[in-house]
Amino acid sequence: MPLAVVASDITTLAADAIVNAANETLLGGGGVDGAIHRAAGPALLAACRALAQVAPGVRCPTGEARITPGFDLPARWVIHTVGPVWHGGDRAEAALLADCHRNALRLAREHGLRRIAFPAISCGVFGYPAPLAAAVAIGTLREELARDPALDIVLCCYSEPMRAVFQRALTPA
Ligand code: APR
């Protein structure tokens, strides 16, 4: 199936690339970002640090994406993207979250990568309500899959309740 929802630790997935829900510095953080840096090893931080800053301290503006190797991860690549902070929905959060998914897959295509795992971008520290984020993520991924059916995408939720939210967005009862 080209679009599936699983409950797992994304750092264990042997995908072509896993997507990181990072912040604009790309220098690590908590949540899935911290887990990915721990599992990839210190070379990931060095690779992120080497990426160009587009403004002081900003290596990846919100909605954009950057790619690095996966180093010690089972995944070959990490695609770093920065989701929007939820402010109530009137600060282009949905458009920015869609951009994250679209731009991550653009990088994947440019690198010839097909099997890509996404976390629930913005659904943790950044506070995006999970059902709303799931609808945006799945709607955007479906559009991308329609353009490029060779993609094989996994939405990797960390908990069973989050998996259920994403599964409901994928296959409404
Ligand atoms: N595998 C899969 N999903 C995970 C993992 C993991 N190992 N660890 C956490 N998650 C889940 C969280 O449970 C949440 O559902 O990823 C989702 C996204 O949560 P966050 O990691 O908090 O990401 P986000 O809300 O986008 O906030 C980004 O958090 O850590 C910082 O540097 C990061 O500042 C940035 C902010």
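The values are calculated or read from the model by the stated rules, or taken from the named source; none is laboratory data. The model shown is predicted, which means the values in this text are computed figures rather than measured ones. Ideal geometry is used to build each Cβ from the backbone, glycine not excepted, and the neighbour counts take in all protein chains shown. To get the accessible areas, we keep the full protein, side chains included, count just its heavy atoms, and leave off ligands, DNA and RNA. Shrake-Rupley method; radii C 1.70, N 1.55, O 1.52, S 1.80 Å.
Of all residues in the stretch 81-106, which are closer than 14 Å to Ile67 by Cβ and assigned to a loop (DSSP other than H, G, I, E, B)?
Residues of the stretch 81-106 that are closer than 14 Å to Ile67 by Cβ, as a first pass: 81-82, 100, 103-106.
Scanning the stretch 81-106 gives a single hit, Val82.
Given the criteria within 12 Å of Ala17 (Cα to Cα) and either part of a helix (DSSP H, G or I) or within 11 Å of the ligand (Cβ to nearest atom) (or both), does Arg109 qualify?
yes
Regarding the stretch 154-173, can at least one residue be identified that is touching a Ser or Thr at 6+ places or on another chain (Cβ under 7 Å), more than 23 Å from Asp16 (Cβ to Cβ) and either assigned to a helix (DSSP H, G or I) or open to solvent by less than 80 Å² (accessible area, probe 1.4 Å) (or both)? Spell out the reasoning first.
Of all residues in the stretch 154-173, those touching a Ser or Thr at 6+ places or on another chain (Cβ under 7 Å) come to 156.
Checking the rest, the ones that are also more than 23 Å from Asp16 (Cβ to Cβ) come to none.
For the stretch 154-173, residues touching a Ser or Thr at 6+ places or on another chain (Cβ under 7 Å), more than 23 Å from Asp16 (Cβ to Cβ) and either assigned to a helix (DSSP H, G or I) or open to solvent by less than 80 Å² (accessible area, probe 1.4 Å) (or both): absent.
Only residues that are more than 16 Å from the ligand (Cβ to nearest atom) and open to solvent by 80 Å² or more (accessible area, probe 1.4 Å): list them for the stretch 116-142, please.
Arg142
Among the residues of the stretch 79-91, how many are away from the ligand (no atom under 11 Å from the Cβ) and open to solvent by 60 Å² or more (accessible area, probe 1.4 Å)?
So in the stretch 79-91, the residues away from the ligand (no atom under 11 Å from the Cβ) come out as 79, 87-91.
Narrowing further to those that are open to solvent by 60 Å² or more (accessible area, probe 1.4 Å): 87, 90-91.
Selection size over the stretch 79-91: 3.
Identify all residues within the stretch 28-62 that are part of a loop (DSSP other than H, G, I, E, B) and either touching a Cys at 6+ places or on another chain (Cβ under 6 Å) or away from the ligand (no atom under 14 Å from the Cβ) (or both); write none if there are none. Don't jump to the end; show me each part of the working.
Here is the first cut: in the stretch 28-62, the ones part of a loop (DSSP other than H, G, I, E, B) are 28-30, 41, 50-54, 56-57, 59-62.
Those that are part of a loop (DSSP other than H, G, I, E, B) and either touching a Cys at 6+ places or on another chain (Cβ under 6 Å) or away from the ligand (no atom under 14 Å from the Cβ) (or both): Gly41, Ala50, Leu51, Ala52, Gln53, Val54, Pro56.
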